[in-house]
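Asker: Okay, handing you the structure first.
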Amino acid sequence: MTANITWAAFSQQILVGLSKTTILFIVSSGLSLVLGVLRIPNVFHGSLYMIGAFIAYSAAMVLGGSPLGFWVALVVAPLGVALISLIVERGLFCRLYEREHLMLLLFTFAFMLVFGDLVKLVWGSDYRSLSAPPILQGYFSIFGLPFPRYNAFLLLIGPLVAFGLWFLTNKTKIGKISRAAAVDREMVGAVGINVSWVFAAVFIIGCFLAGLGGALVAPTQNITQGMDHAIIIEAFLIVIIGGLGNIWGALLGALIFGLTDSIGILVWPQFAIVFPYIAVVVVLMFRPQGLLKSVW
Amino acid sequence: MFAAAINKRSFGIAVTLLVLLGVLPFFLDRFYIYLTALILVTGLLATSLNMVLGYGGMYQFHHAVFYGVGAYACALTLIKTDLPPYAGFIVGPVVAAAVGVIMGLICVRLSKLYFGMLQIALGSLVWAIVYRWYSFTGGDDGLHGVPVPDLISSINGAYYFTLIITALCMVLIYLIINSPFGRIFQAIRDNPERSETIGVNVKRHQLVGLTIAAFFGGVAGSLFVTVEGSVFPDLMFWTLSLEILIMCLLGGWFTFLGPMVGAGIVVSLQTFVGMYTEYWTLIMGIILILLIFFLPEGVLGFFLERFSSREQAMSAEK
Amino acid sequence: MLNVASVNKSFDGFMAVNDTDLTVEKGQVVAVIGPNGAGKTTLFKLITGHLHPDQGQILFKGEDISALPPYEVCRKGISLSFQVVNIFSRLTVFENVQAAVLSHLKKTYKLFSPARNQAVRETWEILDNVGLTKKADGVSGALSHGDQKVLEIAIALGNAPELLILDEPTAGMSPEETAVAINLIHRLTAELGLTILFCEHDMELVFSIAHSIMVMQQGKSLIEGDPETVKNNPLVQEAYLGEST
């Protein structure tokens with residue numbers, strides 16, 4: 001079984017795994033941001049990812065399949081998701097911050113149920129698909145094996161988002177305030193900053209990332225009901241093994257998850273799905289609080 | 001004195017309920033008997049979760065794993081072994097409890113949210129294995145037409161079997177909650193630090209509690225096999241775990257019968273609303289949102305609170 | 001009975017307890033005094049196993065207990081009553097004390113016998129002793145602060161300790177409540193003959209019941225001796241008593 005895995009196939013699979021990692025990282029870094037600052041385990045983060053993919057599809061459809069469609073969708077989808085999250089946060093969430101984690105968890109789960117059905121109402125239960133723009137279609141040749149251009153594109157986007165997040169949290173005012181709020185919210189409130197709006201901003205940025213992830217994943221797979229279920233558990237596990245609220249932890253966690261998954265596909269396809277979970281369990285047995293320092 | 005009166009009353013309610021449930025098959029048609037059996041099974045599952053959640057304060061986020069493991073262990077014993085048919089109903093809970101011990105040993109070192117998340121990770125691992133292991137578990141199709149013993153394979157037989165076992169388990173769980181162990185378990189829920197200080201090995205009690213809950217979750221799983229005659233991976237998918245959390249919350253998670261009531265409401269809703277619309281989870285979600293805002297103690301918790309405050313007012317007047 | 005020898009504990013470079021010594025003999029009542037932040041609570045938590053010392057030894061009846069977890073320390077016979085109320089707030093007053101008694105009687109793994117028939121006599125005895133009998137059926141979270149502090153002590157008594165540690169038993173109490181608490185502590189020492197280690201800001205209480213006093217400042221033990229010696233020590237007068245009078 002392992003004998004006929006060539007070095008080239010292995011490298012190619014790693015590259016594919018890395019591009020999957022990009023999506024996982026973008027989605028889970030948003031989740032981690034919200035967990036770190038607001039202390040909310042946001043279960044409907046996965047729903048927003050799914051909604052992002054559907055909005056991307058619709059945006060591209062409106063433009064009638066022109067090559068521009070994908071790029072417009074890439075902008076519209078995350079913004080649309082951010083708008084939805086703004087409404088939910090200001091309307092309902094901001095009244096519940098003092099509740100215990102269990103209540104918050106169930107509350108966000110309620111929204112996952114609601115969003116799941118709303119997506120069914122709006123887009124129906126059929127599969128949808130969105131094709132990549134012509135420039136990103138087709139294949140490169142790497143190590144003599146074909147490598148999808150779109151995956152290469154994802155490999156470029158990943159570091160870009162990571163840099164953007166680093167810049168946001170370390171170099172901007174809102175980033176600095178939110179990092180302070182993550183550690184001590186009373187203190188931030190005491191110096192006259194409106195903590196409630198800081199929370200809203202962080203929440204929206206986190207959700208924006210879910211939408212972006214959904215738009216980016218759209219050309220690589222069928223857009224369908226149930227996307228939310230699959231991604232949210234993965235995102236949670238990534239955040240946990242990385243260290244709650246730590247963006248770099250999310251990156252590390254996504255790498256572990258994505259790479260074990262693609263190695264699993266090579267080694268034992270039937271049980272590939274099991275490999276990342278084993279990796280998570282092993283990490284947590286030795287580092288129960290995650291690999292990097294949690295802000296909690 | 002007051003405590004004794006309360007218990008006499010609850011005993012009366014329990015007996016009345018049991019008699020009512022016992023004569024139900026003489027009045028209702030197959031469908032409603034099936035539905036009642038399903039409510040009992042789900043209610044037992046929710047009650048076993050609430051034992052660690054409401055009374056133990058543990059963030060048991062993936063309790064459905066024990067339900068699924070119990071169901072699969074029972075079904076596989078019935079299908080693949082030559083053991084006497086009823087052995088499956090012992091193997092199911094025992095295997096669930098064993099999985100509980102293993103997961104507990106890994107999880108109880110952590111507290112609260114981390115505990116819950118690690119449990120989801122481990123549970124998802126179990127789910128992923130079951131989901132993919134076609135040759136043994138039937139993979140995502142599950143196993144159908146499980147050869148349930150003749151006596152309990154008819155709808156009435158399955159119903160009475162379920163009713164008797166559920167009633168027995170409810171009595172056992174009630175005894176455990178009100179035992180010294182249950183008292184200490186509640187003390188740990190309220191204040192783990194203080195519990196350590198009065199000489200309680202908190203982690204070990206949590207491990208024992210989790211194992212017991214897993215066992216009863218496994219019983220519920222085995223009963224599901226009796227009622228449905230089949231098993232599938234959704235039985236241990238994490239969304240089911242959150243659904244039973246909702247049942248506990250809905251019924252009232254600081255009350256003993258709350259989870260059973262919650263299960264009744266959710267399963268009925270699922271069935272009846274599901275007949276008219278495919279959007280029943282939307283309705284479920286809205287109910288949950290309203291619940292969290294307006295009734296955080298749950299339905300039964302709400303009424304009990306009303307009841308006891310009225311009673312206190314009455315005794316104060318005297 | 002208890003022997004704390006050159007114990008150190010630091011948090012992020014801050015020496016909370018620095019080279020501290022303390023001795024408690026059987027039957028004695030020992031007070032630890034010192035300004036806020038002197039390290040009294042940290043010292044107590046080191047003894048009870050909530051914290052573990054970086055250096056030094058803590059001997060209880062000749063056995064080193066410094067590495068044991070809190071529940072093991074408790075089983076050796078040391079009970080702690082917390083400075084900040086730390087009770088089982090959803091349980092009734094009776095159940096609070098009963099939990100400790102059950103733990104002491106090693107009945108915590110009994111699964112099927114009703115708890116209301118267990119450890120009842122012992123629990124009522126303690127409740128009678130501290131004067132909470134009438135409030136036994138009330139939910140403890142709803143008690144007044146003074147009653148909760150008394151319940152704190154009652155829970156600690158539930159383990160029938162050989163050494164009872166009280167961390168500021170009168171903290172946050174009204175003058176009337178303080179009087180009740182002082183009365184209670186007097187009775188505990190006089191009638192039950194308990195060995196007690198406590199810290200307290202109420203100097204009247206300290207000098208009226210302590211057989212021995214240890215003065216702490218900035219994490220260090222300044223002096224340990226009988227009340228007269230401590231009172232007359234110039235260092236202590238300057239450092240501590242001076243500012244409080």
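Asker: Quick one: work out Rg over Rh on the C-alpha atoms of the stretch C:1-154, Rh as Kirkwood radius.
Answerer: When Rh is taken as the Kirkwood radius, the ratio is 1.02.
Asker: Give me the angle, in degrees from 0 to 90, between the Cα long axis of helix A:45-62 and the longest principal axis of the Cα atoms of chain A, rounded to the nearest 10.
Answerer: Rounded to the nearest ten degrees, it is 60.
Asker: Now, a different point. Could you run the numbers on buried accessible area between A and B, total for both chains, 1.4 angstrom probe, in Å² to the nearest 100?
Answerer: 4200 Å²
Asker: Continuing with this model, one more query. Compute the whole-percent fraction of alpha carbon pairs in the stretch A:218-296 spaced more than 22 Å apart.
Answerer: Tail fraction, whole percent: 28.
Asker: Which peptide among C:207-215, B:66-74 comes first, and what is the full order, when sorted by highest mean count of other Cβ atoms within 10 Å?
Answerer: Put in order of decreasing packing, that is B:66-74, C:207-215.
Asker: Rg (Å, one decimal) plus Dmax (Å, integer) for the alpha carbons of the stretch C:85-160?
Answerer: Cα radius of gyration and Dmax of the stretch C:85-160 are 11.5, 36 Å respectively.
Asker: Students often get this wrong, so check it: of B:Lys203/C:Lys149; C:Lys26/C:Lys61; C:Lys107/C:Lys149; B:Lys112/C:Lys45; C:Lys26/C:Lys76; C:Lys76/C:Lys149, which have C-alpha atoms separated by over 18 Å?
Answerer: B:Lys203/C:Lys149; C:Lys107/C:Lys149; B:Lys112/C:Lys45; C:Lys76/C:Lys149
Asker: Straight-line reach from C:Lys9: which aspartates and glutamates fall under 15 Å, measuring Cα to Cα and dropping same-chain residues less than 8 apart?
Answerer: In chain and number order, the partners are C:Asp19, C:Asp21, C:Asp54.
Asker: Still on this structure: For chain A, what does -39500 (n - 2.57) per DSSP helix run (n ≥ 4), summed and divided by total residues, give at 222 nm, in deg cm²/dmol to the nearest 500?
Answerer: -24500 deg cm²/dmol, from helical runs alone.
Asker: When the Kirkwood radius is taken over all Cα pairs of the stretch C:148-208, what Stokes-Einstein diffusion coefficient follows at 4 °C and 1.567 mPa s, in µm²/s?
Answerer: Rounded to a whole number, D works out at 110 µm²/s.
Asker: Which whole number gives the average count of other chain Cβ atoms within 10 Å of the Cβ atoms across peptide A:228-235?
Answerer: Mean shielding count: 2.
Asker: If the convex hull of the alpha-carbon atoms of chain B is projected onto planes in all directions, what is the mean projected area in square nanometres?
Answerer: 18.3 nm²
Asker: Using only the alpha-carbon atoms of the stretch B:81-168, report the extent along each of the three principal axes, biggest first, to the nearest angstrom.
Answerer: So the extents along the principal axes, rounded to whole Å, are 45, 35, 22.
Asker: Further question: Would you calculate, for chain B, the mean residue ellipticity at 222 nm contributed by helices, counting each DSSP H stretch of 4 or more residues as -39,500 (n - 2.57) and dividing by all residues, to the nearest 500?
Answerer: It comes out at -25500 deg cm²/dmol, rounded to the nearest 500.
Asker: For the stretch A:89-175, what is the convex hull (Cα atoms) projected area averaged across all directions, in square nanometres?
Answerer: Reported value for the Cα convex hull: 10.7 nm².
Asker: For the stretch B:137-144, just list the computed ³J(HN,Hα) in residue order, Karplus coefficients 6.51, -1.76 and 1.60, θ = phi - 60°, integers in Hz, with x standing in for Gly and Pro.
Answerer: Ordered by residue, 3J(HN,Hα) equals 9, x, x, 6, 6, x, 10, 10 Hz.
Asker: Scaled to the compact-protein estimate 2.2 N^0.38 Å, what is the alpha-carbon radius of gyration of the stretch B:1-112, rounded to two decimal places?
Answerer: My calculation over the Cα atoms of the stretch B:1-112 gives 1.38.
Asker: Let me ask something else. What translational D, rounded to a whole number of µm²/s, comes out for the stretch B:150-294 from Stokes-Einstein when the hydrodynamic radius is the Kirkwood one over Cα pairs, at 4 °C and 1.567 mPa s?
Answerer: Using the Kirkwood radius from Cα pairs, D works out to 74 µm²/s.
Asker: Here's a follow-up. According to the Kirkwood expression over distinct Cα-Cα pairs, how big is the hydrodynamic radius of chain A, in Å?
Answerer: 19.7 Å
Asker: Shielding of A:108-119 by partners, i.e. mean partner chain Cβ atoms within 10 Å per residue?
Answerer: 6
Asker: Chains C and B: what accessible area do they bury, summed, in square angstrom to the nearest 100, with a 1.4 Å probe?
Answerer: Roughly 2900 Å².
Asker: Now, a different point. Across peptide A:266-275, how many C-beta atoms of other chains are within 10 Å of each residue C-beta, on average?
Answerer: Average per residue, whole number: 3.
Asker: Right, another one. Give me the angle, in degrees from 0 to 90, between the Cα long axis of helix C:93-104 and the longest principal axis of the Cα atoms of chain C, rounded to the nearest 10.
Answerer: The answer is roughly 80 degrees.
Asker: Could you go through the stretch B:217-233 in sequence order and give the Karplus-derived ³J(HN,Hα) for each residue, using 6.51 cos²θ - 1.76 cosθ + 1.60 with θ = phi - 60°, rounded to whole Hz, and x for Gly and Pro?
Answerer: Each residue's phi maps through the Karplus curve to give x, x, 4, 4, x, 4, 5, 4, 4, 4, 6, 8, x, 8, 9, 8, x Hz.
Asker: Still on this structure, please answer the following. Can you list the lysines whose alpha carbon sits under 27 Å from that of A:Lys20, skipping same-chain ones fewer than 8 residues off?
Answerer: The reachable lysines, counting only those whose Cα sits under 27 Å from A:Lys20, are A:Lys120, A:Lys293.
Asker: Amide H neighbours of C:Leu197 under 5 Å, counting only residues 5+ apart in sequence or on other chains, H built in-plane at 1.01 Å?
Answerer: Excluding prolines and chain starts, which carry no amide H, the hits are C:Val30, C:Leu164, C:Ile165, C:Leu166.
Asker: Taking amide H positions as placed in the peptide plane 1.01 Å from N, state which residues far from B:Met58 in sequence (5 or more) or on other chains have amide H under 5 Å from it.
Answerer: B:Leu53
Asker: Could you pull out every residue, at least 5 positions away or on a different chain, whose amide H is within less than 5 Å of the one on B:Ser179? Hs are placed 1.01 Å off N in the peptide plane, and Pro or chain starts have none.
Answerer: Those lying under 5 Å, H to H, from B:Ser179 are C:Ala115.
Asker: Can you tell me the 0 to 90 degree angle between the C-alpha axis of helix C:175-192 and the longest principal axis of chain C, rounded to 10?
Answerer: Helix C:175-192 and the main axis of chain C meet at about 90 degrees.
Asker: Another question about this same structure. Can you list the equivalent-ellipsoid semi-axes of the protein assembly as shown, largest first and in whole Å, using the square root of 5 times each Cα gyration tensor eigenvalue?
Answerer: Over the Cα atoms of the protein assembly as shown, the ellipsoid semi-axes are 52, 37, 25 Å.
Asker: While we're looking at this one, here's another question. Can you send over the carbon and sulfur percentage of the accessible area for the protein assembly as shown, probe radius 1.4 Å, protein chains only?
Answerer: Roughly 64 percent of what the probe reaches on the protein assembly as shown is carbon or sulfur.
The values are calculated or read from the model by the stated rules, or taken from the named source; none is laboratory data. Given the structure is predicted, the values throughout are model-derived calculations rather than measurements. Cβ atoms come from the backbone with ideal geometry, glycine included; neighbour counts cover every protein chain shown. These area figures cover heavy atoms from the full protein model, side chains too; ligands, DNA and RNA do not enter into them. Shrake-Rupley method; radii C 1.70, N 1.55, O 1.52, S 1.80 Å.
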